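Bear in mind that the values in this text are calculations on the coordinates, not laboratory data. All figures in this text were calculated on a predicted structure; none of them were measured in a lab. Here the Cβ is made from the backbone with ideal geometry for all residues, glycine too, and neighbour counts use every protein chain on show.
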Amino acid sequence: MSTPVPVPRDLWEEDLPGIVSAWLFEDGDTVSEGDLIAELMVEKTSYDLTAPKAGRLRILVQPEIPFQRGDVIASIE
Amino acid sequence: MNWSLRRQSPGASAEADIDAEMALLDAALADPARPILRLWRVSRCLVVTPLLAHRPRFRPAADASAARGWPVVVRRTGGGPVPQGPETLSISLAAAHAREAAPGIDAAFRHFADWICDALRACGLAPEIGEIAGSCCPGRYDIAIGGRKIVGIAQRRRQGRHQGGHGATLMTATLVHAMLWLEGDLAAGIDALERFLGEAGAPERFARARMGTLEEITAGRVTGARFEAALLAAAASATL
């Protein structure tokens, strides 16, 4: 079963778009719960995104593509 | 004063000095009652964000830049590419707050920028906050004097837990980082940055006239030592 990986709505307060500045694993890699999987950037501010569970990472949003808080940017199978 | 001060001269490599920033977030999460203020400098380098590092031509371009004396370092705070060196003062503040009490992006930028502006005003200058279009790493909290940017600010945030006497608390650690061009040949750094960006497949041209060092903008009246003293004085009378 696939688990969506959304950008937490409480990660920042302002209504600003974010981007993935770096995925720290490749699409299809196996990750462990709590692994730092991506770095997000919102207006000169970087955030860590960690894996909510262990499994195989599927990347849905490539670097530099804008997203909003709450958007699903990956899944873990 | 509730913060602890760390000073650091350029170490073995710019990469190690910049990576050390991330340890500040861990330290802030471990002791939220004691924010950390770090005043530091790096050896000469071009600082970029991970957005550039995934480009196919990044590695050969970075190798070529290093061979010219400008190693390229990927930083973990946000923003765009910028030249730095021993004549650039980096000012970092790491603090952790309970998640519901953590300042927003704007509030953290504003608080930090106001503090630096207080120090510049204490030196007899008239700083202004606002984006300087065409500058390196532009942002809404650029600090300029006479329309020329001298300070850029970025942030890094991490969510974590602090284990206290009443169990674990969800926390947000915030690292705010400013770089201030104090003195030296800024144009040479911009030349090196533009050349690297072109070779990396991300060409960009910067407006040299819209940036400057503290030394050239004040005709040498305000030294780095004087600014640092003013900064610490302003910090002593404020809650960072």
Requested in this report: Could you go through segment B:67-79 in sequence order and give the Karplus-derived ³J(HN,Hα) for each residue, using 6.51 cos²θ - 1.76 cosθ + 1.60 with θ = phi - 60°, rounded to whole Hz, and x for Gly and Pro?
Outcome: 5, 8, x, 10, x, 9, 10, 8, 9, 9, 8, x, x
Query raised in the report: Residue farthest toward the positive end of the dipole of the protein assembly as shown, with Cβ of Lys/Arg at +1 and Asp/Glu at -1: which of B:G201, B:A178, A:S32?
Result: B:A178
Query raised in the report: Given only helices, namely DSSP H runs of n ≥ 4 each adding -39500 (n - 2.57), what is the per-residue ellipticity at 222 nm of the protein assembly as shown, to the nearest 500 deg cm²/dmol?
Result: -7500 deg cm²/dmol
**Report entry** Per-residue average of Cβ from other chains inside 10 Å of A:19-27
**Finding:** 3
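Looking only at other chains, what is the average number of their beta-carbon atoms within 10 angstrom of each beta-carbon in B:168-176?
Details: counts 0, 0, 1, 0, 4, 1, 1, 2, 1.
What the average comes to for B:168-176 is 1.
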Query - Folded to 0 to 90 degrees: helix B:105-122 orientation relative to chain B principal axis, Cα - result: 70 degrees
**Report entry** Cβ neighbours within 10 Å from other chains - mean over B:154-167
**Finding:** 3
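Scan segment B:125-228 for trypsin sites (Lys or Arg not before Pro) in coil per DSSP, keeping those whose Cβ has at most 10 other Cβ atoms within 10 Å, and list them by number.
Numbers: sites: B:R140, B:R148, B:K149, B:R156, B:R157, B:R158, B:R161, B:R195, B:R205, B:R208, B:R210, B:R221, B:R226; in loops: B:R140, B:R205, B:R221.
In loop regions of segment B:125-228 (DSSP not H, G, I, E or B), the sparsely surrounded trypsin sites (Lys or Arg not before Pro) are B:R205.
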Requested in this report: Starting with the fewest neighbours, write out A:I65, B:I36 ranked by other beta-carbon atoms found within 10 Å of each beta-carbon.
Outcome: A:I65, B:I36
